[in-house]
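Here's the structure we're looking at; comments come further down.
The values are calculated or read from the model by the stated rules, or taken from the named source; none is laboratory data. Quantities reported herein were computed from a predicted structural model and do not represent experimental measurements. Here the Cβ is made from the backbone with ideal geometry for all residues, glycine too, and neighbour counts use every protein chain on show. When the accessible area is computed, the model is the full protein with side chains, heavy atoms only, and any ligands, DNA or RNA have been set aside. Shrake-Rupley method; radii C 1.70, N 1.55, O 1.52, S 1.80 Å.
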Amino acid sequence: MGLGMFYQAFNNIVTQSPHKIAVVSNGQNISYAELDSAVRKFSGILLESQVKPGDAVLIVLPNSVEFIVATLATMAIKAIAVPLNTKFPPDEIKYYIDSSNTDIVIHNGISEAVSEVASACKKITIVFSELQCLPEAKSSADILNKAAVCDAAAIYMYSSGSTGKPKRITRSHTQLIAEAQALAATLKLTGDDKILCTVPLYHAHGFGNCLMASLLNGGTLVLTHGEFNSRETTRLLEHHGITIFPAVPFMFKMLGETFFKVKPLLPSLRLLISAGAALQPEVFQLFEKTFNKKIMQLYGSTETGAVAVNYKNTGGTDASVGMPLRGFEIDILDESGFPVTNGDIGEISIRASSMTTQYDGLPEMTAECFVNGYFLPGDLGCKDNDGNIYIKGRKKLLINVAGNKVDPLDVEAVISKHPKVLDVVVLGHADANYGRLDRKTPTARRDASAHG
């Protein structure tokens, strides 16, 4: 899979394996050829609706074959996909319309907010079964066959911080393909893999570790619909012979707590990927006890996509996120920008060909978080002597107490041990004598690439 347009990478798979099942959705098996036909037809609809290269297109669809077709078609005509949560309220939908500077929304009527605040937008509905009945528009053929524009914007995603509005992030076709290649090389993804998707495709975890991991490698993507259900998920894992299951910790917790009269046998399942939040040791142990399978942690961000994974699963309850994906670099740096000694805690700093290089329209925040070729996600961590990475907290949430930096996670861990405490959140409070919540991020540092 060479570097190139996102759609072209997908189309290479179509050419190689047209009759292979690409997506299973609502009991329907959709081949790569059928999926590509729908993409080409919908590309024609977008072009007839005057969508031009570089236009941002809001995609407000649930996990579905329609989401996949809309995204691929948008990127195929060199427009920019902006996938959103269908449950966003009207004011949030309005923010994304304004932020992405779009007047085009793809939807299927589920989101009431779209109807309420997108009156000035051109609304395009999509139904896969209807697309199958349409002829392919001649207008789409020429633009789909044009040479790739690798550095063109492919997708807008949004990164939520502790304060303010979500930050818009642009990732190019090159950056998305770089993530897909690195993940495939590290996890040894093949066309034999079947990936079960229970996480939202509009999120970086679902988009990268489900959609891209399957459809850019010739695998099969099995979609679930509606709220997460542990028994239905287990049935799908068994029935489809799923090989890879990316999820989030609460899903693994629900699965581990489910009682089965007969323990499920999942001989095909080779990778269980947890991302989105820290995997607690008790969840790891509970799931392993129930299914006799180990979960591995994946580390990434909206800005970078996946960047590290505990592929060898040597960390166990130590909760390592493993090592960087092949070709990526993660350093642990001190306040001056130099690598710390293994075992010492410092700031996690990422260099990856998959990552964006800025927050759109936010130069000051860009200067804070993108330094000397690194992206600084604000996480603290360390490495062991084998190079395994451990996440140890958030730099931006440290509490300054009389000069001592206190991680609220450490305080929460102690308080939560009290038998009468059900849940706890620790926040910093300004104090004239003892300090405040420290949100400072280094803005000037030396280039660490030549050191250590």
Obtain the radius of gyration and the Kirkwood radius of the stretch 1-104 from its C-alpha atoms and give Rg over Rh.
1.00
To the nearest Å, what is the center-to-center distance of the stretch 204-234 and the stretch 70-107, using C-alpha atoms only?
21 Å
For Lys122, give me every one of the lysines with a C-alpha distance below 23 angstrom, ignoring sequence neighbours fewer than eight places off in its own chain.
Lys41, Lys52, Lys78, Lys87, Lys94, Lys138
Loop-exposed GluC sites (Glu not before Pro) per DSSP, neighbour cap 12 Cβ within 10 angstrom, longest uninterrupted part of the chain
1-226
Counting only C-alpha contacts under 8 Å and six or more residues apart, can you give the relative contact order of the chain as a whole percent?
11 percent
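Per residue, how much accessible area does the chain show when a 1.4 Å probe rolls over the protein heavy atoms, in square angstrom? All intermediate terms of the calculation are to be shown ahead of the outcome.
On the way: 20530 Å² over 452 residues.
That works out to 45 Å² per residue.
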Tell me, how many Å apart are the Cα centres for the stretch 21-56 and for the stretch 180-202?
20 Å
List the trypsin sites (Lys or Arg not before Pro) in the stretch 36-97 that DSSP assigns to loop (not H, G, I, E or B) and whose Cβ has at most 15 other Cβ atoms within 10 Å. Which are they?
Lys87
What size of dipole, in debye to the nearest 20, comes out for the chain about its Cα centre when the only charges are +1 on Lys and Arg C-beta atoms and -1 on Asp and Glu C-beta atoms?
580 debye
Working from Cα positions, state the angle (0 to 90°, nearest 10) between the long axis of helix 173-187 and the longest principal axis of the chain.
70 degrees
Share of carbon and sulfur in the accessible heavy-atom surface of the stretch 15-82 [1.4 Å probe, %]:
49 percent
What is the helix-to-structure angle for 65-76, meaning the angle in degrees between its Cα long axis and the longest Cα principal axis of the chain, kept from 0 to 90 and rounded to the nearest 10?
90 degrees
How big is the charge dipole of the stretch 241-370 about its Cα centre, in debye rounded to the nearest 20, if each Lys and Arg gets +1 on its Cβ and each Asp and Glu gets -1 on its Cβ?
1240 debye
Which one is right for this structure if volume of the Cα convex hull per residue in Å³ is calculated from it: (i) 414; (ii) 161; (iii) 265?
(ii)
Please identify every one of the trypsin sites (Lys or Arg not before Pro) in the stretch 169-234 that sits in a loop by DSSP and has no more than 13 other beta carbons within 10 Å of its own beta carbon.
Lys188
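Length gain on complete extension for the stretch Lys122 to Lys263, per 0.36 nm per residue less the alpha carbon to alpha carbon distance? Could you put the intermediate results ahead of the total?
Details: separation 141, 0.36 × 141 = 50.76 nm, distance 5.08 nm.
Full extension of this stretch gives 45.7 nm more.
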Per DSSP H run of at least 4 residues, take -39500 (n - 2.57); add these up for the chain, divide by its residues and hand me the 222 nm value, nearest 500 deg cm²/dmol.
-8500 deg cm²/dmol
Working with all protein chains in place, sort Cys382, Cys133 by solvent-accessible area computed with a 1.4 Å probe, largest first.
Cys133, Cys382
